[in-house]
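S.K.: First the structure, which I've put down as structure tokens, then a few questions once you've had a look.
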Amino acid sequence: MNDEQSIKVYVRVGVVFNDDGRMMPRFICWEDGVKYRIDRVAEISQAVAQRCGGQGDRYTILIDGKQSYLFFERNCSLTGNNIGRWFVERKIS
């Protein structure tokens with residue numbers, strides 16, 4: 001039996017905006033301050049974070065050759081400069 005659960009962890013993410021307006025993450029800064037460079041964004045889609053709840057834009061990313069998911073959770077407000085925040089699913093025992 002697998003007793004692992006996941007929690008939503010908000011992380012800092014360095015992004016660039018392409019000339020067509022798409023947000024492309026370049027690195028993730030983990031809870032302990034360690035930065036991980038994103039080698040490639042393989043796919044961007046609307047998806048639910050099934051293991052920890054929440055939904056948004058799911059970025060399928062590669063870091064050191066390993067696939068992972070990074071989510072952008074959009075802010076519901078149409079005004080202001082806070083357009084949303086990034087999270088990952090972290091496993092807990």
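Computed from the coordinates by the stated procedures, all read-outs in this text should not be read as laboratory data. All figures in this text were calculated on a predicted structure; none of them were measured in a lab. Neighbour counts are summed over all protein chains in view; Cβ atoms, including those assigned to glycine, are modelled from backbone coordinates with ideal geometry.
S.K.: Among 82, 28, 67, whose Cα sits farthest toward the positive end of the charge dipole of the chain (+1 at Cβ of Lys/Arg, -1 at Cβ of Asp/Glu, about the Cα centre)?
M.R.: Towards the positive end, the residue furthest out is 82.
S.K.: Select from the stretch 1-45 those trypsin sites (Lys or Arg not before Pro) which occupy a DSSP coil region and have at most 16 other Cβ atoms within 10 Å, ordered by residue number.
M.R.: 22
S.K.: Calculate the dipole size of the chain relative to its Cα centre from +1 charges on Lys and Arg beta carbons and -1 charges on Asp and Glu beta carbons; express the result in debye to the nearest 20.
M.R.: Roughly 120 debye, rounded to the nearest 20.
S.K.: Over the chain, one equal point on each Cα, no solvent: what is log10 I(q)/I(0) by the Debye formula at q = 0.20 Å⁻¹?
M.R.: Taking Cα atoms of the chain as identical point scatterers yields -1.06.
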